[in-house]
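In what follows, a structure is listed as structure tokens, so that the remarks can point back to it.
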Amino acid sequence: MTIDVGTKIRALRKKMDLNISNLADLSGISSSMISQIENGKVVPTVVVMWKIAKALDVSVGYFFDEETNYQKNPVVRKDERKTILLGKSTRLYEMLVPDQNRIIEFLKITIKEDDISSSGLVTHEGEECGYVLKGRMKIQLGEDEYILEEGDSISFDSTIPHRYDNAGKGECISIWAMTPPSF
């Protein structure tokens, strides 16, 4: 299934009676970048998606969720997970819940050793808890950095600027719970 994020951003922006320049001011993303995203010329990074979603007052999941099927089937089979891969990043986000319309979000995040995501920090309302299944993960939380090994976990207030990175050889796999959903 292909989801056209740019078209959804444009539709929501117009519904809110915003022009591209207004959205650029609200999100801190350049007008040209927003235009390129809306026209499908650029795939935004996770950080860019979070900034646009925050400016449009929706979760990032709004741009990816096609239907709510929780009432139909609360089970998510491993081969039926919704996956999200943004921009040039090699990070793979797998939704472990049927849709993003829950009180809590549950994700599996795989970060390849050669991940080239942007250096930006994200911030949003809520709390996060993460557990490293495989590899090593570096978490920047404000000015502090933490290295998590397999079996380590962390929890923090999501209003603190943060980011996750692979801190070892091979891929890093982790499980995250966030409330309210931010993706």
Among 120, 130, the single one that is within 29 Å of residue 28 (Cβ to Cβ), in a strand (DSSP E or B) and of a type outside the set (D, E, K, R) is 130
Of everything in the range 128-172, what is closer than 18 Å to residue 104 by Cβ, buried (at least 16 other Cβ atoms within 10 Å of the Cβ) and over 16 Å from the mean Cα position of the chain (by Cα)? Give them in sequence order.
131, 154, 156
Residue count, the range 28-45, condition in a helix (DSSP H, G or I) and farther than 10 Å from residue 9 by Cβ, comes to 5
Regarding residue 53, is this residue surrounded by 19 or more Cβ atoms within 10 Å (Cβ to Cβ), in contact with a helix residue (DSSP H, G or I) (Cβ under 9 Å, 6 or more places away or on another chain) and over 25 Å from residue 110 (Cβ atoms)?
no
Quick test for you: out of 27, 31, pick the one residue that is farther than 21 Å from residue 182 by Cβ, outside the structural domain of residue 125 (by TED's automatic domain parsing), of a type in the set (Gly, Ala, Ser) and modelled with pLDDT of 80 or more.
31
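The values are calculated or read from the model by the stated rules, or taken from the named source; none is laboratory data. Given the structure is predicted, the values throughout are model-derived calculations rather than measurements. Methodologically, a virtual Cβ is constructed for each residue, glycine included, from the backbone with ideal geometry; neighbour enumeration extends over all protein chains shown.
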